[in-house]
Amino acid sequence: MYTTATIRDQANIGAPFTYSEMERMARRRFQDPTVQKRGEWWTIRVWVDVFEGGRHRRSYKRIRLAQVANTSERDARRLAAEYVRPMNQGLDTIGSATNFQHYVEKTYIPVVMPLLATATQGRYQGVIDNYLLPRFGRLSLRDLTPESIQRFLSEMATSPLAPESRDKIRDVLASILKSAGTYRLLVNNPIKDLRMPVDQRGRHHSKPHLTPEQFDRLISKIAEPYATMVYVAIFTGLRVSELAALRWEDIHTDSITIDERYCRGDWAAPKSDASNATIAVNRSVIERIHRLKLLTVSVRAGLATRKYKLVKSDRAEDLVFQSVKEGKPLRDNNILCRFIKPVARELEMPWVNWRCLRTSHATWLKLAAADVKDAQAQMRHSRASTTLDIYQQFVPESQQRVVERLSTLAPRRIM
């Protein structure tokens, strides 16, 4: 049973209602309702906390337990005891009566989502608007039971959504419910230990990568400075956010330092401690970067043509890759959609993207017979298994050479 002290603790955590409301709602008594037969149903009447019109109140409600035809009175009493047990033991918090949509819009979006990257916020908002609010918006948090959520996850198995999209929906819902637990609106996270439906088709784990020949054809048709970005990406394995954040002080004689990243307006530290590093690079990469200082680009402006220097300033703190007109940080999606994708489609390589360039670098390291630990250091992964299992792709020619070497271990016999 709740005590006034417990309720005050919850109020300080940040539950979305006032102290006076908490005091009033705290007056909870032990409930032992009598099972009653009402028509075809066994029912009980209990006090429950509800959330209506933006306010919390306590309501005396009749609850249907089971049909009389299928349930004895003894079993009905057992069901009643199970129903009120969470209320009597304090496992059903007052805050759990909060409406799901109200919590998402008034607490999760303004308090939790700003802690995420801007691009992630956009994806989360899309999932919330298109999938979660239509399904759960009218329910209270306590109505999101493991059974109701598992039903929702299972129904997605028959939807046309890709497995990655289904996983993202689950992740966003889990994030919302986890935050509700942090603010003491839920005692137990109902999505914990639930399973996603088994994919009806196997996933295609192989990530496409460019061969050296395909890379030569691609880069020859991309305009500067984007061609140099692609060149640096495939010969260093840098993520596009790290490319966009490179400064001239990070470019050394035969190495590059990665200590910052930029993505669509957000500046941040590298993805992990392992990502914050200085890596060795070929001299040709350094030379290609410095070559940008000598280049200009022509841009049509109405009937006129204007020329811009690709590097407007090369002080230590200035960016290496700058927007053509104003020298501002570049947006990865604009470069991909306007300059890389059109060329890739023309060359019948529509799968080319920034991730593909990083995967290609890891695969080229494999073709060059790089040691696993060297490849891990170059990719700046915390674990070598990430390099092996995710980024270094299967190369048929490499496997064929291994198989052919096996034949030298024993004399060949012709039957």
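Computed from the coordinates by the stated procedures, all read-outs in this text should not be read as laboratory data. Computed from a predicted structure; not experimentally measured. Reconstructed Cβ throughout: ideal geometry from the backbone, glycine too, with neighbour counts over all protein chains shown.
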Check: In debye to the nearest 20, how big a dipole does the stretch 276-373 give about its Cα centre with +1 on each Lys and Arg Cβ and -1 on each Asp and Glu Cβ?
Finding: 300 debye
Next item on the list: Can you find, among Asn353, Phe321, Ala304, the residue farthest towards the positive end of the dipole of the stretch 297-369? Put +1 on the C-beta of Lys and Arg, -1 on that of Asp and Glu.
Entry: Ala304
Margin query: As a test of understanding, state the convex hull volume per residue of the stretch 320-370 from its alpha carbons, in Å³.
Written below: 104 Å³
Item checked: Nonlocal Lys pairs with alpha-carbon distance under 17 Å, the stretch 245-360 (8 or more apart, or different chains) -> 11
